[in-house]
Number of protein chains: 2
Amino acid sequence: MLTTAQRDRILVILVRPRNPLNIGAVARAMANFGFAHLTVVAPYEPHWREAKSAIQAESLLQNAKSVEHLAEALAHCTLVLGTGTLTHRSAEQPVVPLPALAPHIDRALQADGRIALVLGPEKHGLTRDDLAYCHLLVEIPTDPRQPSMNLGQAAAVCLYELATRCGVPAEAHAPVPAAIAPSATLDCLADLIEQTMTASAYSPRAMVPANHHDLRVLLRRLALTPPDARRTMGLFRRILWRLGHTPGPPQP
Amino acid sequence: MLTTAQRDRILVILVRPRNPLNIGAVARAMANFGFAHLTVVAPYEPHWREAKSAIQAESLLQNAKSVEHLAEALAHCTLVLGTGTLTHRSAEQPVVPLPALAPHIDRALQADGRIALVLGPEKHGLTRDDLAYCHLLVEIPTDPRQPSMNLGQAAAVCLYELATRCGVPAEAHAPVPAAIAPSATLDCLADLIEQTMTASAYSPRAMVPANHHDLRVLLRRLALTPPDARRTMGLFRRILWRLGHTPGPPQP
């Protein structure tokens, strides 16, 4: 079982939810399993107001944050878990079945990390762009004839698994890796690398969006530590300066 | 993981549901996790019709049975699992936390049993009378500050646990007990014992409802095998005949 302090380091992030009932259902499942931190990304404003003003709205929902972009919601997270089914696509991230997720969570908690569980919109789930910010894609093992779950039910199942199967000492699972650089640092690094690509005329303009995406996926797969990220950023700042460009945004 | 044949021996029973959306949500979770057999006990008729005629109603919902009494729905079951929280009462049945349920399910499947997962109505859950038909009370470990789950979410969490954590050979858990007498046989035995109590003027009339309840709870706790039940029924028929009464209903 997770301790209260551990639950406090796990965030739930709801991306572009449409149905206010589903926002309420996710909040209720969080309260049921003792999770307190909800962020909603780019909600449809009238529905977001409706969800927050529902008579039985949890205090959790009153305290929820609303942000414009997923990157903002994830800034301090070291392990970002996307959710979804893979019926119509293949994954660029490592896929972990939900029943096998516990060791990943426990290692991240032991390394003092912050974890985000990211849930996509009702109809089509997380986009490829959303998933580019995720370290792992968590898959709930559903029947291939009816793979797509209701948003509130998917949240309940994921949070149940986290609350009941995580929180054992990480040693019980496998060797503990070093701390992982948070998402905002990886985005900062990605920006520097992209500026360098442009400054060095590395690729044609048409390739920029594809490179942008692939770079984010790659940086997460590498599991960089904070010193790794710091050093790499130092290198790219140096290159940019040499190329006669401004050295990119300040380090977070 | 459960095989399809094993999933086919697990029924979901919804007792007196009020909200047609919740009936639909339970059906959807069943389809997500590959369970096909739904029985609804004493539904509110207009809502039941509405749930079955919903545009996206699963074929599962079209094939669902509706019965008047829980005992009917359970007749062929050898392991009946009640669900609920224990915030406002103590349990008469053994309580099993959901994450520890798998060995019970696997033993029942190995003994060729039929299993029922019984979900209560939205507001107050299963009554004490409903629970008298249950062998075990399954408890989802929720936060004491918000213990009560939404019906569709509770169903999803239970079915996820069954689908993903059960289906390992029962030997892997513990010794395999003998087959268990089905629910209808236990009810038949309970009737015979009650007739005997009356015929023998065992207890004052005011005690009859309490005895009725306690007897059902007791018979389930005993885990009688079919031969146990047959022999005991034979004994009570004999006693009744000796007491000059009709020998009770026919053996099922």
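The values are calculated or read from the model by the stated rules, or taken from the named source; none is laboratory data. Worth saying up front: this structure is predicted, and the values here are computed from it rather than measured. A quick note on method: Cβ atoms are made from the backbone with ideal geometry, for glycine too, and the neighbour counts reach across all protein chains shown. When the accessible area is computed, the model is the full protein with side chains, heavy atoms only, and any ligands, DNA or RNA have been set aside. Shrake-Rupley method; radii C 1.70, N 1.55, O 1.52, S 1.80 Å.
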> So which residues in the range A:116-144 end up with at least 50 square angstrom less accessible surface once the other protein chains are there, compared with the chain by itself, probe 1.4 angstrom?
Replying inline: A:Pro141
> By a straight-distance test (C-alpha under 28 Å), which lysines pair with B:Lys65 as possible cross-link partners, with residues fewer than eight away in the same chain excluded?
Replying inline: B:Lys52, B:Lys123
> Under the Karplus relation 6.51 cos²θ - 1.76 cosθ + 1.60, θ = phi - 60°, what is the ordered set of whole-Hz ³J(HN,Hα) values for the range A:114-123, x standing for Gly and Pro?
Replying inline: 10, 10, 10, 9, 9, 10, x, x, 4, 6
> Treating the beta-carbon of each Lys and Arg as +1 and of each Asp and Glu as -1, no other charges, what is the dipole magnitude of the range B:1-109 about its Cα centre, to the nearest 20 debye?
Replying inline: 120
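Beta carbons within 10 angstrom, averaged per residue: use that to sort the peptides A:4-11, B:141-148, highest first. List each step's numbers first, then the result.
Values: A:4-11: 17.8, B:141-148: 15.2.
By packing density, highest mean first, the sequence is A:4-11, B:141-148.
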>> Only protein chains counted, 1.4 angstrom probe. Which residues of the range A:18-65 are at least 40 Å² less accessible in the assembly than when their chain is isolated?
In response: A:Arg28, A:Asn32, A:Phe33
>> If I build a Gaussian network model for chain B, linking alpha-carbon pairs within less than 10 angstrom, which residue out of B:Pro121, B:Pro209, B:Pro227 has the largest mean-square fluctuation?
In response: B:Pro209
> Considering only the label points, 7 Å along Cα→Cβ from Cα, what distances in nm to one decimal separate B:Tyr44 from the same position in each other copy, shortest first?
Replying inline: 2.7
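Determine the sum of side-chain charges near A:Met233: Lys and Arg each +1, Asp and Glu each -1, restricted to other residues whose C-beta is under 14 angstrom from that of A:Met233.
Numbers: positive: A:Arg230, A:Arg231, A:Arg237, A:Arg238; negative: A:Asp187, A:Asp191, A:Glu194, A:Asp228.
Here the charged neighbours net out to 0.
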>> Tell me the carbon and sulfur percent of the accessible area for chain B, rounded to whole percent, probe radius 1.4 Å.
In response: 57
> For label points placed 7 Å from Cα toward Cβ, what is the shortest-first list of nm distances from A:Glu68 to its copies?
Replying inline: 6.4
>> Counting heavy atoms of the protein chains only and a 1.4 Å probe, report the per residue accessible area for the protein assembly as shown as a whole number of Å².
In response: 47
>> What are the ³J(HN,Hα) couplings of the range A:190-201, residue after residue, when phi is run through the Karplus curve with 6.51, -1.76, 1.60 and θ = phi - 60°? Round to Hz, x for glycine and proline.
In response: 4, 4, 4, 5, 5, 4, 5, 4, 5, 4, 9, 6
> What full-extension length gain, to one decimal in nm, is calculated for A:Thr127 and A:Asp143 as 0.36 nm per residue of separation minus the Cα-Cα distance?
Replying inline: 3.6 nm
> Under a point-charge model restricted to the Cβ atoms of Lys and Arg (+1) and Asp and Glu (-1), what is the dipole moment magnitude of the protein assembly as shown relative to its Cα centre, in debye to the nearest 20?
Replying inline: 60
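Over both sides of the A-B contact, add up the buried accessible area with a 1.4 Å probe and give it to the nearest 100 Å². Display every interim value, and only then the final one.
On the way: alone 12920 and 12880 Å², together 23470 Å².
Counting both chains, the buried surface is close to 2300 Å².
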> Using unit Cβ charges (K, R positive; D, E negative) and no other charged atoms, how large, in debye to the nearest 20, is the dipole of chain B about its Cα centre?
Replying inline: 340
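In peptide A:147-160, how many Cβ atoms from other protein chains are near each Cβ within 10 Å, on average? Intermediate values should be presented prior to the final figure.
Details: counts 2, 3, 7, 8, 0, 5, 14, 5, 2, 11, 11, 2, 2, 13.
Across the residues of A:147-160, the mean count of other-chain Cβ atoms within 10 Å is 6.
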>> Helix A:20-32 against the longest principal axis of chain A: what's the angle in degrees, Cα atoms only, rounded to the nearest 10?
In response: 80
> Taking +1 at the Cβ of each Lys and Arg and -1 at the Cβ of each Asp and Glu, which of B:Ser53, B:Leu136, B:Pro99 sits farthest along the dipole of the range B:4-172 towards its positive end, judged by Cα position relative to the Cα centre?
Replying inline: B:Ser53
